[in-house]
Amino acid sequence: MKPSLSKYSPNSQLNPELQKVYIETYGCASNIQDTQIMKGLLLRAGYDIARDPKEADLNVINTCIVKTPTEQRIIHRIRKLQSLGKPLVVAGCMAKAEPEVVERLAPRASLVSPRSITRIADAVNTALKGGRSVFLSDDRAEKPVLPHVRLNNVVDIVEISSGCLSSCTFCQTKLARGELLSYRPDHIREAVASGLREGCKEFWLTSQDCSAYGRDLGLDISLLLKSILDRLPGKYFIRVGMMNPLHFKKIELLRLAKVYLDHRVFKFLHLCVQSGSDKVLRDMRRGYTVSDFENFVETFRGVNPRLTLMTDIIVGYPTEDVEDFEETLRLVERVRPDFVNISRFYPRPKTPAARLKTLPSREVNRRSKILTELCNEVSYLRNEEWLGWVGEVLVDEVGEGGEAIGRNFAYRPIALPGTDGRRLLGRFVEVEITEARRHCIVGRIREVLS
């Protein structure tokens, strides 16, 4: 396997003889990993990585278009980077799904799609010489074994697949990342093994839909997880990324829930429901019912009672009426998810839902506020259930104030105020939970374990 270059510290000692590339990133864990891979490939090609676009010889922006506000922010950033008068490479989902938007904003910018990132050094080389490249085809590279620069030496992101099998009416994922391409299990295990050798203690298995993993290989996510756990001993945690209830119908659900019993798998389920109305789910072409979602959650909680449940909900889909919205509220009250990603509906270009008449923005905002208040209340009450808990926590993050932030076995974010996050990063500590907040729990360290 190619080296991860994990000990490289961007801009710590810039070589004045090397041309410098700045990369700005937006979006999901897959996009973050794509940036880490691009940095690894550029370092291997003889470039240096800059922290500031003004000191770079060339700038790269790795884009996300999942939501309209994010896209608007990216459009602003493309204009800003373009105004610096330096060569520009636009990578990521916008480059693939909306190249015409990029070409209107920055006609000389080179384009690199998410499944062409092995060509990033070629694009940079050509742009620095005054040319323009467009790499939008699928190179079918096995991303887990590509070199990468970790932004956090405790956490390794391992992309297990790219693309999507669903046909949701509101989403551009398939336009940007194509049909499902699952990466080989041996390459995924090799990536985790490499991370373990280099000191990583937390592994994020990520994709656009982890529950679809292996459908093109005759496998499923439970078999992949079991093969990693059986073959790679050690003290580490695995976080499984977002999953779609549609594909839960096609895997042995109880087998997957039981794999989660292994102490190295975070008891964390990110299962996106999107709506509490069966009518709206049909209109979205989600392929499952509300009762399917509730049954899947019940199965997982039956095996792992202290499971942390995250879900996603879209508010204001064009066919959502007041009763549909109230059904969503009732679903939240019944299921009581720990965390909810709430998105107001925005029509995304080239999707079927973009042709529908949108609801009045005032009504969408009203519903979003009501749902947010309910979800915050539920989150707080769920967090209160952890008061007094004592157990082992992995410090995997440094907060904005320099304090340590950790995760317990259920992937609960635990703030540890008054601590030195950089000194504790990567350490296991025993923590007692002393306070509950809306979005996290707060603890005090009783003992540094290792």
**Asked** Which aspartates and glutamates, on any chain, are close to Lys369 with Cα under 19 Å apart, when same-chain ones fewer than 8 places away are left out?
**Response** Asp312, Glu320, Asp321, Glu323, Asp324, Glu326, Glu327, Glu333, Asp338, Glu377
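With a Förster radius of 45 Å, plug the Cβ-Cβ distance of Glu198 and Asn341 into 1/(1 + (r/R0)^6) and report the FRET value to the nearest 0.05. Kindly include the intermediate steps, with their values, before the conclusion.
On the way: r = 31 Å, r/R0 = 0.69.
According to the calculation, E is roughly 0.90.
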**Fill in**
Within the under-11-Å Cβ sphere about Phe268, not counting Phe268, Lys/Arg +1 and Asp/Glu -1 give a net charge of +4
**Spacing of the two label points (7 Å from each Cα toward its C-beta) at Ser227 and Asp420, in nm** = 4.3
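Can you figure out the FRET efficiency of Arg73 with Arg44, using R₀ = 30 Å and their beta-carbon distance, to the nearest 0.05?
Details: r = 30 Å, r/R0 = 1.02.
Efficiency computed from Cβ-Cβ geometry: 0.50.
Give the percent of DSSP beta bridges with both residues in the chain that are antiparallel, rounded to the nearest 5. Display every interim value, and only then the final one.
Working: 22 of 64 bridges.
Bridges in the chain that DSSP calls antiparallel: roughly 35 percent.
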**Request:** Whole Å is fine, so just give me how far the alpha carbon centre of segment 153-209 lies from that of segment 216-287.
**Result:** 13
**Message:** If the elastic network links every pair of Cα atoms under 10 Å, which of Ile370, Ile221, Ile32 fluctuates the most in the Gaussian network model of the chain?
**Reply:** Ile370
**Asked** What percent does the relative contact order of the chain come to when contacts are Cα pairs within less than 8 Å and at least six residues apart?
**Response** 10
**Extended-chain gain in nm, criterion 0.36 nm per residue less alpha-carbon gap, Leu374 and Lys357** = 3.4 nm
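Per residue of the chain, what 222 nm ellipticity follows from adding -39500 (n - 2.57) for every DSSP H run with n ≥ 4, rounded to the nearest 500? Intermediate values should be presented prior to the final figure.
Working: 15 runs with 155 residues, N = 450.
Mean residue ellipticity at 222 nm (helix-derived): -10000 deg cm²/dmol.
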**Request:** Taking DSSP loops as anything outside H, G, I, E and B, show the longest stretch in the chain free of GluC sites (Glu not before Pro) there with at most 13 other beta carbons within 10 Å.
**Result:** 56-251
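Would you mind calculating the gained length between Glu100 and Glu384 on full extension (0.36 nm times residue separation, minus the Cα-Cα distance), in nm to one decimal? Could you put the intermediate results ahead of the total?
Numbers: separation 284, 0.36 × 284 = 102.24 nm, distance 4.91 nm.
Length gained between Glu100 and Glu384: 97.3 nm.
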**Asked** Number of Lys-Lys pairs in segment 20-135 under 26 Å by Cα, sequence gap 8 or more or different chains?
**Response** 22
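Multiply the residue gap between Val322 and Ser83 by 0.36 nm, knock off their C-alpha separation, and tell me the result in nm, one decimal place.
Details: separation 239, 0.36 × 239 = 86.04 nm, distance 4.57 nm.
Gain on extension, Val322 to Ser83, equals 81.5 nm.
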**Prompt:** Under 5 Å between amide H atoms, partner at least 5 residues away or on a different chain: which partners does Ile23 have, H built in plane at 1.01 Å?
**Reply:** Ala50, Val60
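Determine the sum of side-chain charges near Phe203: Lys and Arg each +1, Asp and Glu each -1, restricted to other residues whose C-beta is under 10 angstrom from that of Phe203.
On the way: positive: Lys201, Arg239, Arg264; negative: Asp156, Glu202.
Taking every other residue near Phe203 into account, the sum is +1.
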**Asked** What is the set of long-range amide H partners of Gln172 at a cut-off below 5 Å, with H atoms built 1.01 Å from backbone N?
**Response** none
**Asked** Each residue of segment 97-108 in turn: what ³J(HN,Hα) in whole Hz from Karplus with 6.51, -1.76, 1.60 and θ = phi - 60°, glycine and Pro shown as x?
**Response** 7, 9, x, 5, 5, 4, 5, 6, 6, 9, x, 8
**Prompt:** Calculated FRET efficiency, Lys235 and Arg366, Cβ-Cβ r, R0 51 Å, to nearest 0.05?
**Reply:** 0.60
**Prompt:** Which cross-chain or sequence-distant (5 or more) residues have an amide H under 5 Å from the amide H of Val265, H modelled 1.01 Å from N in plane?
**Reply:** Ile238
**Item:** the chain: Cys lacking any partner C-beta under 4.7 angstrom
**Value:** Cys28, Cys64, Cys93, Cys164, Cys200, Cys210, Cys272, Cys375, Cys440
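Each reported figure results from applying straightforward, stated rules to the coordinates on display, with no laboratory input. Everything numeric here is computed off the predicted structure, so don't read it as measured data. Here the Cβ is made from the backbone with ideal geometry for all residues, glycine too, and neighbour counts use every protein chain on show.
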